[in-house]
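The values are calculated or read from the model by the stated rules, or taken from the named source; none is laboratory data. Remember, predicted model here, so these are calculated numbers, not experimental data. Using ideal geometry, Cβ is built from the backbone for each residue, glycine included, and neighbour counts are taken over all protein chains shown. For accessibility, only protein heavy atoms count, side chains too; no ligands or nucleic acids. Shrake-Rupley method; radii C 1.70, N 1.55, O 1.52, S 1.80 Å.
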Amino acid sequence: MQLEKDLQSIQDMRDAVKKAKEAQAKFQAFSQAEVDRIVKAMADAAYEKSLELASLAVEETGLGVVEHKVIKNQVASRDVYLSICDQKTVGIINEYKDQKIVEFAAPFGVIAGIVPTTNPTSTAIFKSLIALKARNAIVFSPHPSAAKCTVEAANICLQAAVAAGAPEGIIGWIPQPTMEATEGLMKHKDINLILATGGGALVRAAYSSGKPAYGVGPGNVPVYIEKTAEVSKAVGRIVDSKTFDNGTICASEQAVVVDRNIREMAIREFKNMGAYFLNAEEKKRLEPVISPAPGKLNPKIVGRSARVIAELAGITVPEDTRLLIAEEANIGKDIPFSIEKLAPVFAFYTVDGWQEAAVICERLLDLGGRGHTLAIHTTDDEIARTFAFRMPVSRIVVNTPSALGAVGGTTGLKPSFTLGCGSFGGNITSDNLTAHHLMNVKRLAYGIKHVDVPKPGSTKAQVSSKPAVAVQSAKEEQIEEVVGKVLAKVGAAGNIDKETIVKLVNQVISQI
């Protein structure tokens, strides 16, 4: 019965949180060396199981590509570990002797980890590593259609952590998640932070739970191929990125914007790399398959191959088709090709120069990608910087596959599977989230300045009509004037230098 399943799910959640709280109370007393040993053991175990977890995820969800999910799991384990392994998260983490301030790390406590169906195993690995690195416990709520593979990824991390000395229960999960249990987890009194990766409704629920929360927004990522770009390389990167795991990474490109004078070259390169350009009739047939209602993405196309999506629309494409592209001129919720499509489907816009491209990109971002990512391919760094200054996004990736560059796979950005969108997208941070976002920083501050506090009524407040800077400047001018006069009187025959005179004048003025 559904009622029994809901009740069982809620009870499983409560049990997991209880165990996590008890475990975290012990874990927060661990030394830096002990924490680091545990995190390394988790990363090694997850990396070793990358293929097994990738296969399990594709089998359970039907989404993505096994070989690509292997790479995701490797980035989530090895690359994330390497990015945090030397970070201090226990005891004193910084000391500023000139300011007499000492910083101490403190864990948040128990974290609720919400995991999406698109990146289930990699997200569970990533969140486990950064949570425990900061001495937190974490309890996962998987997506119902990816519960088995998410739990397996979390369990691999847990077993490795416990074998390395972590308390039992430091990583927990809801084995049969329901919406009621997920909402209960986010509102549970013993949850100290929510780390939410998922759909917009779920992220909004996290923000409205009354708990501190990191959520991420959608990524309707435009990619601009500027006229100076190396077109063949640019198109190759874009195709590899958009087809990576069948487009399930939220940072994957969603619409191509191309300068008119390289348009034909770009189209030819796309076709050479397996893209199929839809004609007007085929485009019309595919539109309701992409979006059956304005602004709504059809979940049946998410993470599916280009050929499968074409078949859903009754369109026959060559066997080697990797990507479906339709030329577009309009943008809006009622324009299916212009919305975010977590699948190998592209809109293709032609523009006359970077100014028009910027307008198109801004409109696409306003439709549902503000704060996330923009990709640009160019050899004109001034244009790249202009876009970085102008676009309402948190990361601008240049001459690299966006799906891999934004998560730190091909760039120097922090490796992360939770990409903040800043205030542009309604998030508290624009960072690639990592371990330091999951700990408090306490500051020990010593007094270094003296303030005389007068007793009430003892004196009348003396307020200078000039700011301190102006007073200091006037004093310096006064000294310079006196020194000049003395030097003029001493003349060439004098045997006293300017530095000595400045010191004498300073002494006299200070006593006035």
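Some observations on this one:
- Here the mean projected area of the convex hull built on the C-alpha positions of region 243-386 is 8.3 nm².
- Of the trypsin sites (Lys or Arg not before Pro) in region 178-277, those whose Cβ has at most 14 other Cβ within 10 Å and which sit in DSSP loop: LYS189
- Separation between Cα centres of region 202-271 and region 65-113, rounded to whole Å: 27
- Applying a threshold of 20 Å to the alpha-carbon distances of LYS72/LYS296; LYS26/LYS72; LYS296/LYS333; LYS5/LYS72; LYS148/LYS187 flags LYS72/LYS296; LYS26/LYS72; LYS5/LYS72; LYS148/LYS187 as lying beyond it.
- Rounded to the nearest 20 debye, the dipole size of region 288-447 about its Cα centre is 860 debye, using +1 on the Cβ of Lys and Arg and -1 on the Cβ of Asp and Glu.
- Whichever aspartates and glutamates have a C-alpha closer than 15 Å to that of LYS449, once near sequence neighbours (fewer than 8 apart) are set aside: ASP98
- Cross-link partners of LYS233 among lysines (Cα-Cα below 18 Å; sequence separation of 8 or more within a chain): LYS242, LYS271
- Loop trypsin sites (Lys or Arg not before Pro), region 304-384, which have at most 16 other Cβ atoms in a 10 Å radius of their Cβ (DSSP): LYS333
- Inter-probe distance in nm under a simple model that places probes 7 Å from Cα toward Cβ, at GLN176 and ARG443: 5.0
- On a per residue basis, the chain carries 47 Å² of accessible surface, using protein heavy atoms and a 1.4 Å probe.
- DSSP beta bridge pairing in the chain, given as percent antiparallel to the nearest 5: 25
- Computed extension length for GLU499-LYS300: 63.5 nm, one decimal, from 0.36 nm per residue of separation with the Cα-Cα distance subtracted.
- Environment charge at GLU22 (Cβ cut-off 12 Å; Lys +1, Arg +1, Asp -1, Glu -1): +1
- Across all Cα atoms of region 205-302, the radius of gyration (one decimal) and Dmax (whole number) stand at 16.9, 53 Å.
- Amide hydrogen neighbours beyond the local backbone of ILE93, cut-off 5 Å, H modeled: GLU103, PHE104, ALA105
- Accessible area (Å², 1.4 Å probe, nearest 10) - LEU297: 50
- Filtered trypsin sites (Lys or Arg not before Pro), region 1-104: DSSP coil and at most 16 other beta carbons within 10 Å: LYS88, LYS97, LYS100
- Summing +1 for each Lys or Arg and -1 for each Asp or Glu among the other residues whose beta-carbon sits under 11 angstrom from that of LYS148 gives -3.
- ³J(HN,Hα), Karplus 6.51/-1.76/1.60, whole Hz, each residue of region 95-104, x for Gly, Pro: 9, 10, 5, 5, 9, 6, 10, 10, 9, 10
- Only one item in [x] 52, 36, 21; [y] 48, 28, 19; [z] 37, 27, 23 matches semi-axes √(5λ) of the Cα gyration tensor in Å derived from the coordinates shown, and that item is [x].
- Taking the accessible area of the chain, probe 1.4 Å, and keeping the other protein chains in place, the carbon and sulfur fraction comes to 53%.
- Given charges at Cβ of Lys, Arg, Asp, Glu: the chain dipole, positive-most of GLN11, SER31, VAL289: SER31
- Kyte-Doolittle mean at least -0.5, axial Cα span of 30 Å or more - DSSP H helices of the chain: 468-490
- The phi-based Karplus calculation (6.51 cos²θ - 1.76 cosθ + 1.60; θ = phi - 60°) puts the 3J(HN,Hα) values of region 209-214 at 6, x, 9, x, 8, 9 Hz, whole numbers, x for Gly and Pro.
- Counting only aspartates and glutamates at least 8 places from LYS442 when in the same chain, those with an alpha carbon closer than 14 Å to its own are GLU95, GLU103.
- ASP452-GLU319 FRET efficiency (beta carbon distance; Förster radius 60 Å; 0.05 resolution): 0.10
- Test item: Cα-centred dipole of region 1-142, Lys/Arg +1 and Asp/Glu -1 on Cβ, debye: 420
- Simple spin-label estimate for ALA33 and GLU311 in nanometres, 7 Å along Cα-Cβ: 5.8
- Spatially, region 412-434 and region 317-372 are offset by 23 Å when compared through their Cα centroids.
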